[in-house]
Amino acid sequence: ICGIGAGTLAETFFVGGAGTVLHTTSRGLYDIGPVPRATSLRACTGDSRGTLWVFGDGGKIVSWDGTRWSEEHSLTLNGLKATWGGWVVGSRGTILRLLLGWRRIESGTEADLFGVWGYESSGVTHVFAVGTLGTVLRWHE
């Protein structure tokens with residue numbers, strides 16, 4: 001297991017090698033994987049509508065609607081490592097953002113990115129990504 005993310009308030013998901021996806025609710029822990037044709041999965045996130053996205057090696061992005069998996073076009077073959085609020089970061093400076101489909105954001109770096117986090121203040125969203133070689137990136141809108 002190498003990634004953890006929340007779906008709705010009462011759900012948590014865990015992802016890992018060989019397309020493993022585990023789901024925990026107040027009723028217990030369930031295996032909802034494996035993700036079709038998946039290698040190692042590294043990160044996951046969900047939304048209040050019950051959609052789960054999982055991310056992994058080779059640019060893999062797959063969504064779960066509660067009953068079936070759907071592959072999504074990721075615009076990269078680079079490994080995807082971390083996610084926050086519709087943002088995904090990964091190898092070789094990869095940054096993707098979910099805006100009516102996945103969009104590539106130019107990072108200006110080739111450093112591997114391993115973490116992403118953000119917050120909103122006074123109507124402005126601030127997003128930070130961190131990676132190798134002391135890389136810290138900031139984006140705001």
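The values are calculated or read from the model by the stated rules, or taken from the named source; none is laboratory data. The model shown is predicted, which means the values in this text are computed figures rather than measured ones. Counting neighbours? That spans all protein chains shown, and the Cβs are built from the backbone with ideal geometry, glycine included. With ligands, DNA and RNA removed, areas are computed over all heavy atoms of the protein, side chains included. Shrake-Rupley method; radii C 1.70, N 1.55, O 1.52, S 1.80 Å.
Counting the residues of region 68-85 that are open to solvent by less than 40 Å² (accessible area, probe 1.4 Å) and either polar (S, T, N, Q) or without any contact (Cβ under 8 Å) to a residue 40 or more places away in the chain (or both) gives 7.
Taking residues in region 115-141 that are farther than 18 Å from Gly5 by Cα, and partners anywhere that are of a type in the set (S, T, N, Q), the pairs with Cβ atoms closer than 8 Å and at least 6 places apart or on different chains are Gly131/Thr109; Thr135/Thr109; Leu137/Ser107; Leu137/Thr109; His140/Thr125; Glu141/Thr125.
Only one residue in Leu75, Leu96, Leu100, Leu80 is at positive phi and touching a Lys or Arg at 6+ places or on another chain (Cβ under 8 Å). Which one? Give the steps one after another, and end with the answer.
Numbers: Leu96 fails: at positive phi; Leu100 fails: touching a Lys or Arg at 6+ places or on another chain (Cβ under 8 Å); Leu80 fails: at positive phi.
When all the criteria are applied, what remains is Leu75.
The residues in region 72-85 that are farther than 17 Å from Trp139 by Cα and outside any loop (DSSP other than H, G, I, E, B) can be counted, and the count is 2.
Among residues belonging to region 86-107 that are open to solvent by 50 Å² or more (accessible area, probe 1.4 Å) and part of a loop (DSSP other than H, G, I, E, B), point out the one that is nearest to Thr132 (Cα to Cα).
Within region 86-107, the first condition is being open to solvent by 50 Å² or more (accessible area, probe 1.4 Å), and the residues that meet it are 92, 98-100, 103-104, 106.
Then drop every residue that is not part of a loop (DSSP other than H, G, I, E, B), which leaves 99-100, 106.
Working: Leu99: 27, Leu100: 30, Glu106: 17 Å.
Taking the candidates together, the pick is Glu106.
The residue that is surrounded by the most Cβ atoms within 10 Å (Cβ to Cβ), among those in region 108-141 that are within 22 Å of Gly56 (Cα to Cα), of a type in the set (Val, Ile, Thr) and touching a Gly at 6+ places or on another chain (Cβ under 7 Å), is Val127.
Residues that are exposed (fewer than 15 other Cβ atoms within 10 Å of the Cβ): find the strands (runs of 3 or more DSSP E) completely inside region 9-67 holding 3 or more of those.
On the way: elements: 12-15, 21-25, 28-31, 41-46, 52-56, 61-64.
The strands (runs of 3 or more DSSP E) meeting that bar are 28-31.
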